[in-house]
1. Which order do the peptides 183-189, 120-126, 90-96 come out in when sorted by mean C-beta neighbours inside 10 angstrom, highest first?
2. Would you mind getting the accessible area per residue of the chain, heavy atoms of the protein chains only, 1.4 Å probe, in Å²?
3. Contact order normalised by length for region 61-136, with contacts defined as Cα pairs under 8 Å and 6 or more residues apart; what percent is it?
4. Over the chain, what relative contact order in percent results from Cα pairs under 8 Å that are six or more residues apart?
5. Any lysines with Cα under 17 Å of the residue 184 Cα? List them, leaving off those in the same chain fewer than 8 positions away.
6. When only C-alpha pairs under 8 Å and at least 6 residues apart count, what is the relative contact order of region 16-77, in percent?
7. For the chain, can you list the cysteines whose C-beta has no other cysteine C-beta under 4.7 Å from it?
8. State the answer as a single residue: which of 167, 78, 126 lies farthest towards the positive end of the charge dipole of the chain, with beta carbon charges of +1 for Lys and Arg and -1 for Asp and Glu, about the Cα centre.
Amino acid sequence: LLPKIENDEFKIIIYSRLGVQYQQLKIYDKAHSYLDKAIQIANISKQKINRDKLLGFNYGIRGLVYKEQMSCELAQNYFNKSLFHYKKALGESIMNANISVIIYNKGNCFIALNQIDSAKICFENSYRYADKIKGNSLKAFAHKGLAEVNALEGNYKKALELLLDAQEMSKDVGDLVLNQSIYKGLADNYFVLNNV
């Protein structure tokens, strides 16, 4: 039915969300295919659409695909494109959440590239954007990232403080992935401190 729909913004959203589904399933060729269809429509549409919001989402997902499929160097380019468009669409408060997520993923890439100072800046900025909308799970993810930076720098006590803060922030969220990573970080840091 999708080709019969005349609303371009709706088509772009659906194709991009299909791209997300395939990214989560790690079927990257299909993810690329749907993300490409969304971009094609966004580029040729004569309708009034929220182009920056739609492109920000598309490039953000594309960044995640490249991060998982190829390399963080390649992903960073798409994360930057995503941020460029999301920041132009900041009239909607939800954009703060999206920006927080993209910056958090940039931080993870910087850790993978062993660029610790850049990762720290990203996690701090991710926290700031999440705090604007009181996004507890996003703030907890940012603190978890900062804890990882501190652990890499040998600041295990500070890492523990950040992880305990993240645990408190996320206690009512119920995000299993977040909880698992917090508990793993706590275990790793307690282990190091007890063996120093």
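1. Highest mean packing first, the order is 120-126, 183-189, 90-96.
2. Result: 54 Å² of accessible area for each residue.
3. 27
4. 12
5. Within the straight-line limit of under 17 Å, residue 184 reaches these lysines: 144, 157, 158, 171.
6. Value for region 16-77: 31 percent.
7. 122
8. So the residue we want is 78.
The values are calculated or read from the model by the stated rules, or taken from the named source; none is laboratory data. What you are looking at is a predicted structure, and each value in this text was computed from that prediction instead of being measured. When we count neighbours, we look across all protein chains shown, and the Cβ atoms used for this are built from the backbone with ideal geometry, even at glycine. Each accessible area value is taken on the protein alone, full model and side chains, heavy atoms only, with ligands, DNA and RNA left out. Shrake-Rupley method; radii C 1.70, N 1.55, O 1.52, S 1.80 Å.
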